[in-house]
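The values are calculated or read from the model by the stated rules, or taken from the named source; none is laboratory data. Just so it is clear, the model here is predicted, and its values are computed rather than measured. Glycine gets a Cβ as well: all are built from the backbone with ideal geometry, and neighbour counts include every protein chain shown. Accessible surface areas use protein heavy atoms only, side chains included; no ligands, DNA or RNA. Shrake-Rupley method; radii C 1.70, N 1.55, O 1.52, S 1.80 Å.
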Amino acid sequence: TPAQIGVTGLAVMGRNLARNFARNGYAVALHNRTPARTRELVEEFGHEGTFAPTESAEDFVAALERPRRLVIMVKAGDPTDAVIREFAPLLEQGDVIIDGGNAHFADTRRRERELREQGIHFVGTGISGGEEGALHGPSIMPGGSAESYESLGPMLESIAAKAADGAPCVTHVGPDGAGHFVKMVHNGIEYADMQLIGEAYQLLRDVGGYPPDEIAGIFRAWNTGRLDSYLIEITAEVLSHVDSATGRPFVDVVADQAEQKGTGRWTVQLALELGVPVSGIAEAVFTRSLSGHTALRRASQDLDGPKPQALGPGEAATFADRVEQALYASKIVSYTQGFHEIAAGSAEYDWNVDLGAVAAIWRGGCIIRAAFLDRIRAAYDAQPDLPSLLADDEFAAEIAEAQDDWRAVLVTATEQGVPTPGFAAALAYYDALRAERLPAALTQGQRDYFGAHTYHRTDAEGTFHTLWAGDRTEVQS
Ligand code: 6PG
């Protein structure tokens with residue numbers, strides 16, 4: 001019997017995805033550039049389902065039922081194009097290529113357009129959840145044509161994670177690059193979440209005076225409340241881990257230089273192009289970069305400033321509660337910014353992305369899965385044209401309640417010299433949105449002064465310029 005789906009590229013993500021399809025009853029054709037990997041998969045996991053191992057591109061394509069569905073799981077960038085070039089000539093009208101890598105959505109748009117000319121559907125698909133997710137149920141963010149989703153959807157639904165209410169964590173996000181765009185923003189939010197958690201940890205350590213294993217306990221407690229999420233859960237795991245070589249906390253023996261593969265940076269690059277303020281995500285990306293500038297950091301070690309003083313045990317517990325408030329409020333802001341970027345991308349590229357559906361498929365399987373995503377889903381479902389998550393009454397009320405503590409934590413952090421760019425950017429965003437007047441008016445005045453860039457008035461229609469070098473009368477332009 002022909003295979004219902006094929007996977008080419010059997011590194012760990014591809015292998016686990018193939019096994020997930022097989023475990024869900026699909027016959028899976030397998031292909032890898034080096035056939036040894038294909039053989040290994042079948043030897044080790046062949047008993048899990050029906051696999052059709054193949055060695056050549058031709059055999060792989062021939063093993064698939066029509067219309068063919070083949071999943072590419074190779075490195076994003078040139079390797080993806082190389083695989084497409086290899087397979088496209090062997091395919092026919094109506095066949096579907098699914099790219100499950102972390103591709104840039106602009107590449108996905110280009111590939112989709114090129115393949116559409118041949119009558120081939122190209123479905124750029126975000127897949128989140130790492131190795132475990134790929135095997136047991138990832139969150140899946142497919143783009144591409146609605147037509148391709150008709151045949152693909154049920155298969156993806158069966159291998160996807162299930163949210164607490166049983167709904168599969170997959171939806172047709174939108175045409176062409178919409179899926180990869182949404183995955184990109186997912187990763188940007190992931191960076192922001194991780195940065196905020198890092199700041200909370202640093203404050204608990206330096207100001208709270210807690211050792212890592214006690215901080216792990218605090219995160220475990222937080223994880224039973226509104227912060228309930230995968231990233232908080234694994235934070236506790238990492239913080240309680242002890243390095244076997246030295247007996248010291250693992251977090252103290254790891255080099256403090258955070259790396260990045262690019263999706264967070266793309267999120268910020270796109271936000272700059274779309275004019276969307278994603279300051280929290282940007283701070284997260286910049287903070288990773290800063291951490292890697294070892295020479296700069298070494299040269300700056302003697303700069304003057306306060307050294308954090310740990311609080312006494314009584315005050316520390318209150319401070320920890322405040323940090324929870326600051327973390328939660330900042331987290332709401334970073335999701336607000338991320339969803340704004342998705343809405344802006346959707347408008348720019350005409351994708352018609354359903355923000356509630358995006359929140360819904362992030363409730364399970366993905367790295368940023370969190371209990372509060374169900375509330376984001378509910379907010380957008382109730383009001384699909386919600387201009388901002390902060391415009392939702394419930395989230396607004398929560399921030400209102402958290403904000404005294406949020407501000408107090410930032411005051412302490414500033415006084416004690418603990419860097420908290422994520423918390424601070426989130427609060428600045430919140431206060432800027434609240435402000436009745438922004439200094440942007442002054443900026444416009446300066447621009448008009450030095451460059452005759454003109455301005456609008458609050459009390460009249462039209463475009464104006466002041467003759468700064470002359471008698472300073474105002475002219476309409
Ligand atoms: C996921 C992750 C996944 C990967 C990131 C890590 O959703 O499963 O986001 O895509 O772990 O690429 O990104 P950095 O290496 O840039 O931190």
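With a 1.4 Å probe rolled over the protein heavy atoms of all chains, the accessible area of L90, L386 falls in the order L90, L386, largest first. In the chain, what percent of the accessible surface is made up of carbon and sulfur (1.4 Å probe, ligands and nucleic acids excluded)? Carbon with sulfur: 51 percent of the solvent-accessible area. Counting heavy atoms of the protein chains alone, Y380 has an accessible area of about 10 Å² for a 1.4 Å probe. Between K307 and D459, the contour length at 0.36 nm per residue exceeds the Cα-Cα span by 49.7 nm. Not counting the cut sites, what is the longest span of the chain without GluC sites (Glu not before Pro) that DSSP labels loop and that have at most 13 other Cβ atoms within 10 Å? Segment 260-435 is the longest.
Among the trypsin sites (Lys or Arg not before Pro) in the range 385-445, those located in a DSSP loop and surrounded by at most 11 other Cβ atoms within 10 Å of their own Cβ are R437.
Against the longest alpha carbon principal axis of the chain, how many degrees, from 0 to 90 and to the nearest 10, is the axis of helix 313-349 turned? The angle comes out at about 60 degrees.
Within the range 53-98, list the trypsin sites (Lys or Arg not before Pro) lying in a DSSP loop whose Cβ has at most 15 other Cβ atoms in a 10 Å radius.
Values: sites: R68, R69, K75, R85; in loops: R68, K75.
Here the sparse-neighbourhood loop sites are K75.
For the chain, the longest principal axis of the alpha carbon atoms and the long axis of helix 230-240 meet at an angle near 80°. Counting only C-alpha contacts under 8 Å and six or more residues apart, can you give the relative contact order of the range 313-467 as a whole percent? Contact order relative to length: 23 percent.
Taking all protein chains as they are arranged and a probe of 1.4 Å, the heavy atoms of D302 leave approximately 150 Å² accessible to solvent.
Given a 1.4 Å probe and the protein chains as shown, H453 ends up with an accessible area of around 90 Å².
The residues of the chain have, on average, 47 Å² of accessible surface per residue, using a 1.4 Å probe with all protein chains present.
Here is the list for the range 19-57: trypsin sites (Lys or Arg not before Pro) lying in DSSP coil, each with at most 16 other C-beta atoms within 10 angstrom of its C-beta, are R33.
Magnitude of the charge dipole for the range 44-123, about its Cα centre and with charges confined to Cβ atoms of Lys, Arg (+1) and Asp, Glu (-1), is about 400 debye.
How large is the dipole of the range 311-459 about the Cα centre if only Lys and Arg carry +1 and Asp and Glu carry -1, each at its Cβ, rounded to the nearest 20 debye?
Values: 11 positive and 22 negative charges, 74 e Å.
Rounded to the nearest 20 debye, it is 360 debye.
Measuring nothing but how far apart in sequence close Cα pairs (under 8 Å, 6+ apart) lie, relative to its length, the range 194-337 scores a relative contact order of 34 percent.
Ranked from highest to lowest mean number of other Cβ atoms within 10 Å per residue, what is the order of the peptides 245-253, 7-15? Don't jump to the answer; show the numbers that get you there.
On the way: 245-253: 12.8, 7-15: 22.6.
Ranking, from highest mean packing down: 7-15, 245-253.
F250 to N352: FRET efficiency via 1/(1 + (r/R0)^6), r the Cβ-Cβ distance, R0 56 Å, to the nearest 0.05?
Values: r = 45 Å, r/R0 = 0.81.
So, using R0 = 56 Å, E works out to roughly 0.80.
The range 291-347 and the range 133-165 have their alpha-carbon centroids 34 Å apart.
For the chain, averaging the sequence separation of C-alpha pairs within contact (under 8 Å, six or more residues apart) and dividing by the residue count gives a relative contact order of 13 percent. Here K261 is the anchor, and the lysines within straight C-alpha reach of less than 24 Å, apart from those fewer than 8 places off in the same chain, are K75, K183, K331.
For the range 87-141, the residue among L115, G101, F87 whose Cα projects farthest onto the positive side of the dipole built from Cβ charges is L115. Calculate how steeply helix 12-23 sits against the longest principal axis of the alpha-carbon atoms of the chain, using the helix alpha-carbon long axis, and give the answer as 0 to 90 degrees to the nearest 10. Once rounded, the angle reads 60 degrees.
Working with all protein chains in place, sort H31, H47 by solvent-accessible area computed with a 1.4 Å probe, largest first. List each step's numbers first, then the result.
Details: H31 10, H47 145 Å².
Ranked list, largest accessible area first: H47, H31.
Remark on G124: its backbone amide H falls under 5 Å from those of D99, G143, G144, a criterion applied only to residues 5 or more positions apart or on other chains, H modelled at 1.01 Å from N. The range 214-249 and the range 57-91 have their alpha-carbon centroids 42 Å apart.
Can you tell me the dipole magnitude for the chain around its Cα centre, using point charges on the Cβ only (Lys, Arg +1; Asp, Glu -1), in Debye to the nearest 20? Display every interim value, and only then the final one.
Numbers: 40 positive and 67 negative charges, 164 e Å.
Dipole magnitude for the chain comes out near 780 debye.
May I ask what percent, to the nearest 5, of DSSP beta bridges between residues of the range 1-146 are antiparallel?
Numbers: 4 of 23 bridges.
The antiparallel proportion sits near 15 percent.
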